[in-house]
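J.: Okay, here's the structure, questions in a sec.
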Amino acid sequence: MKLFSAELLKSNETTSAKAVIIQRKGKTFSLLKYYTTDVENIQPLSKGLPVNIGISYFDTIEENITLPPVKDAATFRLISMNKLKESIDPAQDYLMAYKSNSAQLPDSSGGLNYKVLMVPSSLLYKDSGLTEDTMERLNMFTVSDFALCSLVQRYFPDKVVFHAYADKTKICVTICQNDFIIYTRSNPTENSANLLNAYYEYLNLTYMYATKNLRLKIDQVIFSGRLADMSDLVTMFYEFSGIAQSTLVPTGVIENCPNDVFQEYLIPISLCYLDDAYDMTPTPIAEKQAQIQLTSIVCIISFFIVMLLGVLNASSIIHFYNNKEQMTAQAMNLQNRIRSYMSEVNAGKERHFDLHYYRTLQERDKSALKDFGLFAELLKMTDFDLVSFNTKDAANDIVEFNGKLPFKRLDQMEDFKERLSAESEKITSQGGYTLENTTEYRTGEMIANIHLIFKRPKQGEAVTQ
């Protein structure tokens, strides 16, 4: 299944789009194409595909309310709009998303804490610039900031994460726990000589507001987009906050996607993982989509019923011919087995030579060098100071890797760590080795001291004649 996912960016009076086309097979996502284009091109580029849209917006209404569990979306909207009437314009029509906080227990009356997020409906129908055809294929419509919570649970489950992202038009922060948004904020930005200071001031103020006013305890900081490459900003913010920092990498998220492309198109990619609770697609559009899908399902079922009736009518005729063909095939199989037995009688000398050759190969392959191909990808990852295939140990096959590898950026270290872990896991699972891994990642010095020892008991195979 293919998906089209895009983030809409407004600059002055124009709207552009950062878009990706993704192939989904089960739980695996693979990047097929990516674009930065005008919003008018979304319709032809996404033709026939389900569409995810995230749009930049800087005035999202964000409220926390407590309500009894409500399963019906229309009822929830009615009750919550009444509770939030002081925060909204009664003349304005709004799109809404809401999600309950699973980390917070119900109150004494059974009420749940909900995060309610609202934007004007004109954001979709007017400002987005989407055609009617594209709206009919909407799989999700939401605010782009919300996508920053979608991958957090995968890497930092149950932690309160301060995820900061920036591109050429904006900087935004989403604070979340798993996939629940606790607080989100975004501002437009412009390129300037003091961009580093502007980013630092924004992050500093947002962090202070979250920790002092909202009384949040931040467990982890993530920098992504433009911020992932700003090592000076990373250092400054760490000296201020003292909180562990990281950046996201494409490994395990999406295949066929270099890290620079992943950071540039993080929001449209993350939309494919975002919880449906943050979908703001209006009810009339969702109902029309459901009707179209139902019609398609009915047509498919009708087609298969017709095909089944045709197959049943033909099966009685085919049954006779199948029986005849099976009897012929059994006779031919018996003849082939007789020929095979006769060949075995005359093959004694050839088999004796084959066994002698097999023993010779076994003698040559008694060292760990026979698994050189298994370690080939690991050898390609860097120039190790020491690589040892130990052929002297009588009891074990031992392969050892030592080296010191410097990095320029934190995201490079994270990516190398992910790839080294994946390759080591492949070797242990496919080769039957155990791993002693004492590798050290020194983020302060941006150096990895690599020390890997793969060990496997030697195994012999008996040859019979």
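The values are calculated or read from the model by the stated rules, or taken from the named source; none is laboratory data. Treat the numbers as computed from the prediction; the structure is a model and nothing was measured. Note that each Cβ is placed from the backbone with ideal geometry, even for glycine, and that neighbours are counted across all protein chains shown. Just so you know, the surface numbers come from the protein's heavy atoms only, side chains and all, with ligands and any DNA or RNA stripped out. Shrake-Rupley method; radii C 1.70, N 1.55, O 1.52, S 1.80 Å.
J.: Is there any pair with a first residue in the stretch 430-447 that is assigned by the TED database to the domain that holds A395 and a second that is exposed (fewer than 14 other Cβ atoms within 10 Å of the Cβ) and assigned to a strand (DSSP E or B) whose Cβ atoms are under 6 Å apart and which are 6 or more apart or on different chains, and what are they?
T.: The qualifying pairs are I447/P406.
J.: I've got another one for you. Quick one: how many residues across the stretch 393-417 are open to solvent by less than 60 Å² (accessible area, probe 1.4 Å), closer than 30 Å to E264 by Cβ and touching a residue at least 60 places away in the same chain (Cβ under 8 Å)?
T.: 4
J.: Return a yes/no flag: does the stretch 277-287 have any residue that is over 12 Å from the mean Cα position of the chain (by Cα), at pLDDT 95 or above, among the acidic types (D, E) and on the phi < 0 side of the Ramachandran plot.
T.: Yes, there is a match, as at least one residue in the stretch 277-287 is over 12 Å from the mean Cα position of the chain (by Cα), at pLDDT 95 or above, among the acidic types (D, E) and on the phi < 0 side of the Ramachandran plot.
J.: Pairs please, first residue from the stretch 210-222 and open to solvent by less than 30 Å² (accessible area, probe 1.4 Å), second anywhere and part of a loop (DSSP other than H, G, I, E, B), Cβ atoms under 6 Å, 6+ apart in sequence or on different chains.
T.: A210/L216; I218/I243; Q220/F156; Q220/K159; Q220/A244; V221/I243
J.: What is the residue count in the stretch 186-209 for residues that are open to solvent by less than 40 Å² (accessible area, probe 1.4 Å), more than 17 Å from D411 (Cβ to Cβ) and touching a strand residue (DSSP E or B) at 6+ places or on another chain (Cβ under 7 Å)?
T.: Step one: of the stretch 186-209, the residues open to solvent by less than 40 Å² (accessible area, probe 1.4 Å) are 186, 189, 195, 199, 202-204, 206-207.
Filter once more, keeping what is more than 17 Å from D411 (Cβ to Cβ): 186, 189, 195, 202-204, 206-207.
Narrowing further to those that are touching a strand residue (DSSP E or B) at 6+ places or on another chain (Cβ under 7 Å): 186, 189, 202-203, 206-207.
Adding up the residues that qualify gives 6.
J.: Within the stretch 376-392, count every residue that is without any contact (Cβ under 8 Å) to a residue 24 or more places away in the chain and farther than 22 Å from R419 by Cα.
T.: Qualifying residue count, the stretch 376-392: 2.
J.: For the stretch 58-83, give me each residue that is in a loop (DSSP other than H, G, I, E, B) and either at pLDDT 90 or above or charged (D, E, K, R) (or both).
T.: Looking only at the stretch 58-83, we keep the residues that are in a loop (DSSP other than H, G, I, E, B), and these are 58-60, 68-72.
F58, D59, T60, K71, D72, listed by residue number.
J.: Pairs, please: C-beta under 6 Å, at least 6 apart or cross-chain, first residue at positive phi and in the stretch 77-106, second at pLDDT 90 or above and exposed (fewer than 12 other Cβ atoms within 10 Å of the Cβ)?
T.: none
J.: All but one of (1) at pLDDT 90 or above; (2) open to solvent by 60 Å² or more (accessible area, probe 1.4 Å) hold for S424; state the number of the condition that does not hold.
T.: All conditions are met except number (2).
J.: From the list K380, K370, which residue is open to solvent by less than 100 Å² (accessible area, probe 1.4 Å) and at pLDDT 50 or above?
T.: On the way: K380 fails: open to solvent by less than 100 Å² (accessible area, probe 1.4 Å).
Going through K380, K370 in turn, just one is open to solvent by less than 100 Å² (accessible area, probe 1.4 Å) and at pLDDT 50 or above: K370.
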